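Okay, so here's the structure we're looking at.
The values are calculated or read from the model by the stated rules, or taken from the named source; none is laboratory data. Just so it is clear, the model here is predicted, and its values are computed rather than measured. Backbone-built Cβ (ideal geometry, glycine too); neighbour counts: all protein chains shown.
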Amino acid sequence: MQIWKVILTTNNADATEESLYEAGAGAIFVTASGNRRHIEAYFQKQPDLNRLEKTLPPHQNLATEILPPLDWVMHSQTGLPVIKQPPFFIFEKLNQPKHPNGLINIELQAGGAFGSGHHQTTRGCLMMLDKLLKRTRPKHILDLGCGSGILAIALAKATHKKIKASDIDPEAVAMTQKNSCLNHVPHLVQVYESDGFNRLERGQKNFDLIVANILSNTLKRLAHDLANRLSPPLYPNKGASMILSGILNTQQQQITATMRQFGLCLQEKIILDEWTTLCFRR
């Protein structure tokens, strides 16, 4: 796999990350040096530096390099530590630990798909799921933008219900299927290659719970469909729930306002570093 690396320094990391993701970055790493932030962004297609110069916030030392062919995502995840995010315990096949007792164990191979569990957006979703599942019992569940399948598998193991999972990326679909087998839940996780809701099974119209860990611009584009696919409340204060992540702290108010337009109320939020996870209810 050919990868391009873009490097730069800036004082505005949040806005820079947003611009880089919108430009097609698949992974971004930020390190601090005093008040400055050094950013490395990785692209699977050659980025347009002239366009980046115009769209990025104020920055210095913008440069790019071509990395030698290698599965850099897989390479970067080799030997990563396990993740203990109660009630979930997540580990990768390359670094299998001794299982702790009393937690839901998830074996994961992320490959080129997003969702190793180390990113704050995924951890925020796992934390929010723990809170939500203590007070609700959803029966019809969707993981939209499933990536590696980590959230769909966590939901399947926690609820023992059938989970629908979808992603626009065929590599993510294949990885979710593989990880479902690794975790002995292929009968519970039904995976679809779909852009939004367009190719999901038509027999399932509404969901009690939708989880979407995707970029904020995609969340805004899909807001109407997301709201329409939530089940209507059977009685007051017991409506369906939706967990959204992939949202920078600077974007949370805009996402909240967008969802409010479609009748969804913000119930709770979790902030981990510069990322926010939101939980809405109809």
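For this structure, a couple of remarks:
- Number of residues in region 10-43 that are among the aliphatic types (A, V, I, L, M) and exposed (fewer than 15 other Cβ atoms within 10 Å of the Cβ): the value is 1.
Let's see how each residue does on (1) modelled with pLDDT of 60 or more; (2) of a type outside the set (Val, Ile, Thr); (3) outside the structural domain of residue 177 (by TED's automatic domain parsing):
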| residue | (1), (2), (3) |
| --- | --- |
| 88 | yes, yes, no |
| 105 | yes, yes, no |
| 111 | no, yes, no |
| 116 | no, yes, no |
| 122 | yes, no, no |
| 125 | yes, yes, no |
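- Among the conditions (1) surrounded by fewer than 17 Cβ atoms within 10 Å (Cβ to Cβ); (2) at pLDDT below 95, the only one that residue 138 does not satisfy is (1).
- Counted residues, region 45-84 - those being modelled with pLDDT of 85 or more and under 20 Å from the mean Cα position of the chain (by Cα): 0
- All of (1) closer than 24 Å to residue 249 by Cα; (2) loosely packed, with under 13 Cβ neighbours inside 10 Å hold for residue 46 with one exception: (1).
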